[in-house]
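*Asks:* The structure under discussion is supplied below as structure tokens; questions concerning it will follow.
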Amino acid sequence: MPVTGFRGLGVPGRALLAAAALGIGLSAQPSRAAEAPATFADLVETALPAVVNISTTQRATPAQAAPDPSDLPPGSPFEEFFRRYREAPGESAPQQPQHAMGSGFIIDPSGLVVTNNHVIEGAEKVQIILQDERVLEAEIVGADGATDLALLRVRSESPLPAVRWGDSRGLRVGDWLVAIGNPFGLGGTVTSGILSARARDIQQGPYDEYLQTDAAINRGNSGGPLFNMRGEVIGINTAIFSPTGGSVGIGFAVPADLARPVIEQIQEFGRPRRGWLGVQVQPVTPDIAESLSLASPHGALVTNVTPGGPAERSGLRQGDVVVSFDGKPIREMRELPRNVAASPIGREVAVEVVRDGGRQNLRVVLGDLDEAQRVAAVAPSPAQEPAPDSAERTLGLALSQLDTGTREAFDVPADVDGVVVTEAEGNSPAADKGIAAGDVIVEVQQERVVRPEDVARRVEEARRSGRGSVLMLLNRGGDLRYVPVPVEGGRGGG
């Protein structure tokens, strides 16, 4: 749902079911939780002057000049007007400047202001409005789309009130929090709640580790601070889940311990400087763990190693499972990119991997991550083509060797080797795992395959050895990923 001045989550609407009369008894033991504060007034009195409203001006294209009626509140008196305006035949809307509102907070009396990147992205003009209603022109020092953070600078004749960063790692679920911001352009609005959860991955970027709170956060709160009870900023309010467009008690904030180093690097270099390992990774699911004979599903499975990158130079290989980075255990895949990004460029770090059932220790000198080195989005699968009569079949897949004809039919580049899937039966184990026509099978059980018979042989070997699944490395539009495919119930070749 598009939400003005706020970052939408892209979560599909769905019914939320409430469980009633669960019959869960309450313990008679006294609670050890701290009592609710009698008032937040002292905290707010100190922190409020450092919270600012942010106003941006953007130049709209003619197609954007009139709002989409679906974005307006139901029953709005302007809904029918804008619908007619947009649908008028033969008319083009005049190019009008667009205004948006957000929130921010001052972290230095000299005039450094933190906000969200999406608040100021594409803005031709940015102004901040102080609590005393002074309006100051702002310049953008730098921004980072990956963490949705931005740093502004304003000039003032006198020092400005500022707040300090807090330690978000020390928060416990259930701790009291206070949000201050500019919801719906009202300005200076204070709400309170608790930390509902931490380390939330809401699929917004590679470094998602959001704090979740039930403090009321609405449109326009983006970029505003989330405070602990000491009046320290422990998060930057960034997103909400809202089927209604208003607060339903599920808000997300970038934790201070992730935001602070990014802001400090933007202040020093104009952009964040992140460590770069040079690998693509995916989660280790229970099926993948079983295929690799891992005791438990943990770590980050390397699907691709960038040629000439730090990982390749250190000896890291495709199929390795990274279980430790710089002495920190990697329990979930998403922990690896966060830890790599937070590491200094040029530093040598220890990387522990599981390879061929054993553990190996490598030393990697990290490079500098650049936007151009980020992984491209996965390309859509080519349209399914009928399988040739001579195709090998296994696990419900029709397979063919790559040649000029199959490369052209399925748009497979000349530098991609393997066995191409020409058909995937709808009720097959492979199709259930998302394998489709046009996918290229590069490896089976971490062994390269170049002929359809190679795939069938490795599948049969896995079946005879009693494995529940076989691990395939697929290339789809240049993106590599491992897929565990159940072998029981699969169809043999023939």
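*Asks:* What tally of residues in region 198-220 results from selecting those that are on the phi < 0 side of the Ramachandran plot and assigned to a strand (DSSP E or B)?
*Replies:* Here the count works out to 6.
Yes or no, residue by residue, for (1) more than 17 Å from Arg481 (Cα to Cα); (2) without any contact (Cβ under 8 Å) to a residue 24 or more places away in the chain; (3) crowded, with 17+ Cβ neighbours inside 10 Å; (4) not aromatic (Phe, Trp, Tyr):
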| residue | (1), (2), (3), (4) |
| --- | --- |
| Pro272 | yes, no, yes, yes |
| Pro283 | no, no, no, yes |
| Ser291 | no, no, yes, yes |
| Ser296 | yes, yes, no, yes |
| Asn304 | no, no, yes, yes |
| Gly309 | yes, no, yes, yes |
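*Asks:* Look through region 152-194, keep the residues that are in a helix (DSSP H, G or I) and touching a Pro at 6+ places or on another chain (Cβ under 9 Å), and return whichever of them is surrounded by the fewest Cβ atoms within 10 Å (Cβ to Cβ).
*Replies:* This residue is Arg169.
*Asks:* OK, next. Out of the residues in region 413-428 meeting the condition of being among the acidic types (Asp, Glu), surrounded by 10 or more Cβ atoms within 10 Å (Cβ to Cβ) and out of contact with any strand residue (DSSP E or B) (no Cβ under 6 Å at 6 or more places or on another chain), tell me which one is modelled with the lowest pLDDT.
*Replies:* The selected residue is Glu425.
*Asks:* Quick check on region 362-381. Is at least one of its residues at pLDDT below 85, among the β-branched types (Val, Ile, Thr) and under 26 Å from the mean Cα position of the chain (by Cα)?
*Replies:* Yes.
*Asks:* Could you run through region 327-371 and say how many residues are more than 18 Å from Ser314 (Cβ to Cβ) and among the small types (Gly, Ala, Ser)?
*Replies:* 2
*Asks:* Quick check on region 311-330: of everything there that is part of a strand (DSSP E or B) and among the β-branched types (Val, Ile, Thr), which residue is surrounded by the most Cβ atoms within 10 Å (Cβ to Cβ)?
*Replies:* Going residue by residue through region 311-330, those that are part of a strand (DSSP E or B) are 321-325, 328-329.
Next, from what is left, pick out any that are among the β-branched types (Val, Ile, Thr): 321-323.
Working: Val321: 23, Val322: 26, Val323: 19.
Selected residue: Val322.
*Asks:* Also, I was wondering about something else. If only one of Asp403, Asp432 is within 24 Å of Val302 (Cα to Cα), surrounded by fewer than 23 Cβ atoms within 10 Å (Cβ to Cβ) and not assigned by TED's automatic domain parsing to the domain that holds Arg355, which one is it? Let's see the steps before the verdict.
*Replies:* On the way: Asp403 fails: within 24 Å of Val302 (Cα to Cα).
Matching residue, one of Asp403, Asp432: Asp432.
*Asks:* Can you go through Ala398, Ala350, Ala409 and tell me which one is of a type in the set (Gly, Ala, Ser), in the same structural domain as Thr285 (by TED's automatic domain parsing) and either at pLDDT 85 or above or not in a loop (DSSP other than H, G, I, E, B) (or both)?
*Replies:* Only one candidate passes the filter, namely Ala350.
The values are calculated or read from the model by the stated rules, or taken from the named source; none is laboratory data. Quick caveat: nothing in here was measured; it's all calculated off a predicted structure. Glycine gets a Cβ as well: all are built from the backbone with ideal geometry, and neighbour counts include every protein chain shown.
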